[in-house]
1. Pairs only if they're at least six apart or on different chains, beta carbon under 8 angstrom, first in region 1-17 and at pLDDT 80 or above, second outside any helix (DSSP H, G or I); list them, first residue then second.
2. Can you give me the number of residues within region 1-35 that are basic (Lys, Arg) and closer than 21 Å to Gly49 by Cα?
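The values are calculated or read from the model by the stated rules, or taken from the named source; none is laboratory data. The model shown is predicted, which means the values in this text are computed figures rather than measured ones. A quick note on method: Cβ atoms are made from the backbone with ideal geometry, for glycine too, and the neighbour counts reach across all protein chains shown.
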Amino acid sequence: MRSRRVMGGISEFFDIMGSAIAVSSAVRNHRPARESDLKRLGIDPVRFGEIRYR
């Protein structure tokens, strides 16, 4: 049972890192980030969409 919890934690870590990389890539390429990625990172998608870049 303990190994499942460890594997679940590792899986969640990689999910979060994947979302962070996806959002970073979207910002870098001047395109909107996916709402699901922003929510996974604890970022409000509406507020994030209000940010303007130069």
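1. That search, which allows pairs on different chains as well, returns Ile16/Leu41.
2. Within region 1-35, the subset basic (Lys, Arg) is 2, 4-5, 28, 31, 34.
Next cut, closer than 21 Å to Gly49 by Cα only: 28, 31, 34.
Final tally of qualifying residues: 3.
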